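> Provided herewith is a single structure, encoded as structure tokens, for subsequent inquiry.
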Amino acid sequence: MLASIIQNLFNAFQWGSFYSLIALGYTLVYGVLRLINFAHGDIFMVGAYIAFFIATAILGLAVSLPGWVVLAMVIPLTMILTAFVGVSLERIAYRPLRRKGAHRLYVVITALMCGLVLENGNLALLGASRKSFPELVDKVVYTVGDLSMTNLKIGVVFSAILVFIFLHFIVTKTKIGMAMRAISYDKFAVPLMGIPIDTVIVFTFILGSSFAGLAGLLFALSYPILDPYMGAMIGWKAFIAAVVGGIGDIRGAFLGGFLLGFVEILVVAVFPSTYRDLIAFAILMTILCIKPTGMFGVAGTTKI
């Protein structure tokens, strides 16, 4: 029984890592723009497809390369190209509305529309057939007592931790991070200080989208079946994880993703899998009823 619980906890770390990587993008954009980028889950999907095409193209070259070399090439290229997709959405869809002073509701509707465009655009271009992601890394199973783990699961968890440490350093120790925090406090006073708001916003989308692309690649390595709607549900769940953790706080997004992963896996271990979302979301809703701002969120005030 104890071994089964420990095994499920380790599996929860893997799913929590996926949720955390995506939730960090949600909380970054919200922290700077006060915008819920509902297209972020579909950027995760786009990242998985970009990784698929890059890996397929490299493996199709005449030169035979080891899988780890291909993976080392795929990771940065996927993050760069996915960041380009995220920045393109900001430039084409969000920035014109922001400059015209559009109501926040219209921006949220636009974000939902962008997600639908990405999903259905993928469906129109590539068809409804699923893609099988190539195996880049040989799966190695490590056994410690009754606990078994694979190299992919360990890599996913460590990647999420490294991304959080890197992001925490940027936000707390760099000038661009200071500018991001300043915009979240008072976006009207920041231009008077000579800080280029558009540059900071673009950098925010680069960070969030590249992390979503990395999550898409790691997810495709672990579960190598891709379809155009793969980002919808996991994106909503990551958003809920960010809210439970306290949206706008990167610590909350990171821990909220792991909390959701733990709840889901433990529910499946005790109850039938069909009850997973029902019970997991009920528990998270209870947490929000007790603490509406989330674990690390702070109640805001609005001047009238």
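The values are calculated or read from the model by the stated rules, or taken from the named source; none is laboratory data. All values reported here derive from a predicted model rather than from experimental measurement. Neighbour counts are summed over all protein chains in view; Cβ atoms, including those assigned to glycine, are modelled from backbone coordinates with ideal geometry. The area values use the complete protein model at the heavy-atom level, side chains included, leaving out ligands, DNA and RNA. Shrake-Rupley method; radii C 1.70, N 1.55, O 1.52, S 1.80 Å.
> When only Cα pairs under 8 Å and 6 or more residues apart are kept, what is the percent relative contact order across segment 1-96? Before the final figure, lay out the partial values.
On the way: 36 pairs, mean separation 21.4, N = 96.
For segment 1-96, the relative contact order is 22 percent.
> Output ³J(HN,Hα) for segment 213-223: one whole-Hz value per residue in order, computed from phi by the Karplus curve 6.51 cos²θ - 1.76 cosθ + 1.60 with θ = phi - 60°, and x for Gly and Pro.
x, 4, 4, x, 5, 5, 5, 5, 5, 7, 10
> Could you name the lysines whose alpha carbon sits less than 25 Å from that of Lys175, not counting residues in the same chain fewer than 8 places away?
Here the lysines satisfying the reach criterion relative to Lys175 are Lys187.
> Taking all protein chains together and a probe of 1.4 Å, list Ile247, Ile43 from the most accessible to the least accessible. Could the numbers behind the result be given before it?
On the way: Ile247 40, Ile43 0 Å².
From most accessible down to least: Ile247, Ile43.
> Give the peptides 143-152, 162-171 in descending order of average Cβ contacts within 10 Å, highest first. Intermediate values should be presented prior to the final figure.
Numbers: 143-152: 12.2, 162-171: 15.4.
Packing order, densest peptide first, comes out as 162-171, 143-152.
> Right, next: For Phe166 and Leu147, calculate 0.36 nm times their separation in residues minus their Cα-Cα distance, and state this gained length in nm to one decimal.
Working: separation 19, 0.36 × 19 = 6.84 nm, distance 2.96 nm.
In short, 3.9 nm is gained.
> Karplus couplings for segment 24-38 from phi (6.51 cos²θ - 1.76 cosθ + 1.60, θ = phi - 60°), rounded to Hz, Gly and Pro as x?
4, x, 4, 6, 5, 5, 5, x, 8, 9, 6, 10, 8, 7, 5
> Where a Cα-Cα gap under 16 Å defines reach, which aspartates and glutamates qualify for Lys291, not counting those fewer than 8 residues away within the same chain?
Lys291 reaches Asp249.
> Turning to a different aspect of this structure: Just Arg130, Arg99, Arg276 to compare: in a GNM of the chain, with alpha carbon springs under 10 Å, which one fluctuates most?
So, out of Arg130, Arg99, Arg276, the one fluctuating most is Arg99.
> Is the shape of the chain rounded, prolate or oblate, going by the alpha carbon gyration tensor and its root eigenvalues a ≥ b ≥ c, with a/c under 1.5 for rounded and a/b larger than b/c for prolate? Numbers along the way, then the final one.
Numbers: a/c = 1.69, a/b = 1.24, b/c = 1.36.
Note, shape of the chain comes out oblate.
> At 7 Å along Cα-to-Cβ for each site, give me the label-to-label distance between Leu126 and Asn8 in nm.
It works out to 3.4 nm between the two label points.
> Read phi for every residue in segment 250-259 and hand back ³J(HN,Hα) as whole Hz from Karplus 6.51 cos²θ - 1.76 cosθ + 1.60, θ = phi - 60°, with x for Gly and Pro.
Residue by residue, segment 250-259 yields 5, 5, x, 5, 5, 6, x, x, 5, 4 Hz.
> Could you calculate the contour length gain from Ile283 to Val69, that is, 0.36 nm times the residue separation minus the distance between their Cα atoms, to one decimal place in nm? The partial results should precede the final answer.
Details: separation 214, 0.36 × 214 = 77.04 nm, distance 4.25 nm.
Answer, rounded to one decimal: 72.8 nm.
> On average, how much accessible surface per residue is there in segment 105-256, in Å², for a 1.4 Å probe, leaving out ligands, DNA and RNA? Kindly include the intermediate steps, with their values, before the conclusion.
Values: 7560 Å² over 152 residues.
Here the per-residue accessible area is 50 Å².
> Under 18 Å between alpha carbons, and skipping anything fewer than 8 positions from Lys100 in its own chain: which aspartates and glutamates qualify?
Of all the aspartates and glutamates, those that pass the test against Lys100 - Cα under 18 Å, at least 8 places apart if same chain - are Glu90, Asp198.
> For the chain, modelled as a Gaussian network with Cα springs under 10 Å, which listed residue fluctuates most, Val244, Val63, Val46?
Val63
> Another question about this same structure. Before anything else, pin down the relative contact order of the chain: Cα pairs under 8 Å, at least 6 apart, normalised by residue count, whole percent.
Numbers: 446 pairs, mean separation 113.2, N = 304.
The value is 37 percent.
> Picking from Tyr185, Leu288, Val156, whose Cα lies most toward the positive end of the charge dipole for segment 155-304 (charges on Cβ: Lys, Arg +1; Asp, Glu -1)?
After comparing all options, I get Tyr185.
> Using DSSP to call loops (not H, G, I, E or B), can you name the trypsin sites (Lys or Arg not before Pro) in segment 133-174 whose Cβ has at most 16 other Cβ atoms within 10 angstrom? Don't skip to the end; give the middle numbers.
Working: sites: Lys139, Lys153, Lys173; in loops: Lys139.
Here the trypsin sites (Lys or Arg not before Pro) that fit, given the DSSP loop and packing criteria, are Lys139.
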